[in-house]
Structures are given as structure tokens and as C-alpha cells.
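To start, the structure under review is shown below, and the notes come after it.
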């Protein structure tokens with residue numbers, strides 16, 4: 001339908017007409033165009049935005065970034081897998097001398113199953129298989145002989161080396177503890193594997209944690225006296241409430257603390273009133289009053305520096321600042337590994353410190369650069385301990401790596417169900433991870449060591465388990 005309208009102005013009159021259907025179509029076209037532009041923007045964000053502005057900045061795990069920052073456009077379109085025509089490696093066949101077991105399989109038939117003809121011997125066709133035995137629980141009855149003294153009538157018996165009043169053997173308990181607290185396997189899966197109740201496992205864990213608790217206190221003293229120590233923390237839920245998992249570690253020990261708070265008092269309690277050595281941490285303020293010297297982590301600083309560049313990608317001053325400082329931070333973190341001697345290390349370390357401070361003292365106009373420069377100048381006493389002592393790393397990678405299995409366990413088990421559970425986890429994880437660091441390849445495995453420690457408890461419930469801990 002066409003309608004006519006007149007528009008009257010001060011000096012003239014204009015008559016015009018329009019089609020209602022055409023106007024409706026044009027409005028719909030404009031709406032669709034606007035929606036299409038919005039969807040294009042969403043697609044651009046999903047394809048590139050997450051790669052350059054991820055949820056956690058430079059700390060975002062690579063698995064959460066769909067397109068890597070430095071990947072080429074043609075690489076982004078490629079599918080996974082090897083190229084066409086790639087020659088496969090194939091399955092490696094081991095030799096007969098390397099086999100743990102040789103099983104002979106004989107053909108029981110005397111006649112061909114198809115035609116009924118006679119079968120003749122043609123030799124042996126070897127098939128190489130790698131297999132594994134499942135760790136299943138089995139029931140054992142110990143026949144404990146009893147004897148009695150004819151004089152005093154005292155009874156003497158031979159008892160198995162298992163925990164007092166325990167229904168479960170050392171092998172089952174050691175496997176369950178290592179699987180849950182060292183390897184992060186959920187308790188439900190362990191209970192299903194050994195056909196044992198969830199509550200029975202927890203009861204065993206709580207009893208052993210009480211036995212090992214005094215050892216953890218002695219390990220705290222070792223940690224406080226260490227020349228170089230690390231600390232880090234991450235989230236951990238207890239009974240549905242938010243909390244934190246703390247890790248305090250050195251080269252040969254690991255101490256875990258699960259609790260409800262992230263206050264600096266946790267670190268101060270662990271380090272004591274007069275700690276020695278240098279503590280390597282990130283820049284969380286909770287560590288600033290622990291009573292010992294602090295070394296800030298360069299890996300965190302480098303990621304923050306890269307974030308400044310991404311936020312100001314068009315600013316030449318920021319680009320030049322990052323290009324000059326970032327390689328120095330990376331070189332500082334790799335110097336302990338690259339330097340062949342102490343003399344070379346300390347010479348290069350002093351040069352790097354001078355270069356870093358010169359860059360941070362230079363004039364700058366950009367606010368982001370000024371903030372980063374102030375961070376180095378104001379915290380110089382917490383950034384260059386690695387220059388004076390090669391044993392001090394300029395990064396906190398040790399704590400970051402050791403805490404990663406706990407993060408994975410948190411995703412699988414969703415934390416602890418009770419406060420007592422967190423206390424038990426703190427003790428047993430500290431013991432197991434410390435023992436794992438100190439055990440050598442020639443010695444027993446972690447499972448064997450736990451089983452031997454249970455035998456020691458069975459022989460003498462009041463024994464000092466600290467002496468049974470592998471030496472540092």
C-alpha cells in the first residue's frame with residue numbers, strides 16, 4: 001500500500017509518497033545487518049581475543065587458549081595429525097631376552113577345522129605383548145601359633161607385622177595412601193578397586209596421620225633452617241567452603257598446609273620467629289613480614305611485563321621498554337643452568353643486575369612503564385639475591401611445579417569433606433612428598449618405603465618415625 005504525505009516548511013511545500021511494505025523490508029534489512037556485525041565481532045573475539053586477552057592474562061594455561069599468539073594464519077587452519085605421506089614409526093618389538101615371561105601356546109587340534117585334513121608343525125610365531133597385573137585385594141589367614149610357659153603360664157605367640165587391631169594389611173594400606181595422597185586418585189576409585197569401604201580407608205588415614213604428625217613438626221624445623229626455600233598457595237575447598245592449600249618446600253622436603261585462610265600468619269607460623277635463609281615467592285604481600293629475606297619470582301614479573309605490552313600494543317615506548325627488559329629477565333632465569341662455573345655466573349649476574357637497574361632508572365612518559373620501573377627500584381632488596389648466591393633461583397618454578405598435582409587433585413575430588421580431612425591430608429602429603437624426594441633409584445620405591453614404615457609401627461607403636469624418614 002502506498003501512502004502520500006506532505007511536508008510543509010517555511011518557504012516551500014514538498015509532497016512525497018512511500019510504500020509501507022518497502023519500509024518494513026528496509027527496517028528488517030537494517031536489523032539483520034546490525035546483528036550480523038555483532039556476530040562477526042563475537043567470532044573475532046573467540047578466534048583472536050582469547051589468545052591476546054585471556055581470562056588470567058599471561059598466566060592462562062595454554063590448554064585454555066584456542067589460538068596461540070605466535071601461530072601463523074596458515075597454521076591456525078591446519079588440522080591435527082601428521083602430514084599426508086608421513087612414514088609411521090610402527091610398533092617396536094622387544095627381544096626374547098628382554099621379556100619377563102614367555103608363555104607357550106600349543107594348537108590342541110589335530111585336524112584342520114575347515115576341511116578336516118592333518119595338521120603339520122610349521123614352527124613358532126612370536127607375538128610381543130606388554131601387559132600389567134591389576135592391584136586387587138586378596139584375603140589372607142595368618143595361623144598364629146600360641147605357646148604357654150609351664151612355670152608362669154604366660155602365653156607367647158607369633159603375630160603378623162600389621163597395624164594393631166587393623167583388618168587390612170600393609171600392602172593394601174601403602175597402595176591406598178600413595179594412590180590418593182601422592183598420585184591424586186580419588187578415594188572412591190581406590191575403595192572400588194580394593195573392595196573396601198570409603199569410611200574404612202579414611203579411618204586408616206586418620207590413624208596414620210596421628211602417628212606421623214610429630215615428624216611434620218621436625219620437618220618444619222628443617223625448613224626454617226634451609227638456605228633456600230620456596231612457598232606458594234592455591235585454592236582448596238573444605239566442606240563446601242572456600243579455603244587454601246599452602247606449599248612450603250625445599251630441594252629435599254615438602255610441607256603442605258590446608259586451611260580456611262590466606263592470611264600471612266600461616267606463613268609466619270610455618271617459618272617461625274627466627275627463620276634463616278632466603279624465601280622465594282611471588283609478590284603476594286602475605287609473605288612480606290615472615291622475618292627472613294625474600295626473593296621475588298621473575299617468571300611472574302615477566303608475565304606481567306608481557307601483559308603491559310599487550311594492553312599497549314600500539315605504543316612504541318612500551319614496545320621498546322619490553323623489548324629491552326624482557327630478554328634480561330629471561331636470561332637471569334636461565335643463567336644458573338647456562339653458566340659453566342661460579343666465576344662466570346657471578347660475573348654475568350652482576351652485569352644483568354646493572355643492565356636491569358639502568359633500564360628501570362631511565363626516563364619514561366608512559367604510566368605503565370613508570371609503575372614497572374618503580375616496582376624494581378622500590379623492591380631492589382627483594383629482587384637480586386640470586387646475584388649474590390647461585391643457590392638462590394630468580395624464579396619460583398619449584399613451588400609452582402610441585403603444587404600443580406594438588407590443583408589437578410582439586411579438580412578431581414573437589415577438595416576435602418571435613419576439617420579433620422584437611423589435617424590428615426596436610427600430614428600425609430608432607431610425609432609422602434618429602435620421602436619421594438629423598439628416595440633414590442637404587443633404594444625402595446615409595447610404596448615399599450611406606451609398607452616398611454608400617455611394619456616398623458607394628459613392631460613398636462611408640463617408635464620415632466623421624467629416624468625412619470630417608471636422609472636428606
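Values for this structure:
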read-out: Selection count, segment 314-331, where residues are touching a helix residue (DSSP H, G or I) at 6+ places or on another chain (Cβ under 8 Å) and outside any helix (DSSP H, G or I); value: 0
read-out: Candidate set: segment 340-378, residues that are under 34 Å from the mean Cα position of the chain (by Cα) and outside any helix (DSSP H, G or I); chosen: the one nearest to residue 327 (Cα to Cα); value: 340
read-out: Residue selected from segment 382-408 under the condition outside any helix (DSSP H, G or I) and either crowded, with 21+ Cβ neighbours inside 10 Å or without any contact (Cβ under 8 Å) to a residue 24 or more places away in the chain (or both), by the criterion nearest to the chain's Cα centre (by Cα); value: 396
read-out: Top-ranked residue in segment 264-285 [being surrounded by 17 or more Cβ atoms within 10 Å (Cβ to Cβ) and either over 22 Å from the mean Cα position of the chain (by Cα) or within 17 Å of residue 217 (Cα to Cα) (or both); ranked as modelled with the highest pLDDT]; value: 278
read-out: Top-ranked residue in segment 289-346 [being in contact (Cβ under 8 Å) with a residue 24 or more places away in the chain and touching a strand residue (DSSP E or B) at 6+ places or on another chain (Cβ under 8 Å); ranked as farthest from residue 386 (Cα to Cα)]; value: 290
read-out: Test: residue in segment 251-261 that is modelled with pLDDT under 90 and assigned to a loop (DSSP other than H, G, I, E, B); value: yes
read-out: Sole residue being surrounded by 10 or more Cβ atoms within 10 Å (Cβ to Cβ) and closer than 30 Å to residue 297 by Cα, chosen from 226, 191; value: 226
read-out: Members of segment 229-249 found to be over 17 Å from residue 295 (Cβ atoms), in contact with a strand residue (DSSP E or B) (Cβ under 9 Å, 6 or more places away or on another chain), assigned to a strand (DSSP E or B) and without any contact (Cβ under 8 Å) to a residue 40 or more places away in the chain, listed by number; value: 244, 246
read-out: Test: residue in segment 412-420 that is crowded, with 17+ Cβ neighbours inside 10 Å, under 28 Å from residue 337 (Cβ atoms) and in contact with a strand residue (DSSP E or B) (Cβ under 7 Å, 6 or more places away or on another chain); value: no
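Residues are listed down the side, and each one gets a yes or a no for (1) touching a helix residue (DSSP H, G or I) at 6+ places or on another chain (Cβ under 8 Å); (2) farther than 30 Å from residue 169 by Cα; (3) at pLDDT 80 or above; (4) surrounded by 10 or more Cβ atoms within 10 Å (Cβ to Cβ):
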site: 97; (1), (2), (3), (4): no, yes, yes, no
site: 105; (1), (2), (3), (4): no, yes, no, no
site: 110; (1), (2), (3), (4): no, yes, no, no
site: 119; (1), (2), (3), (4): no, yes, no, yes
site: 125; (1), (2), (3), (4): no, yes, no, no
site: 136; (1), (2), (3), (4): yes, no, no, no
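The values are calculated or read from the model by the stated rules, or taken from the named source; none is laboratory data. All values derive from a computational prediction rather than experimental measurement. No Cβ is skipped: glycine too gets one built from the backbone with ideal geometry, and neighbour counts run over all protein chains shown.
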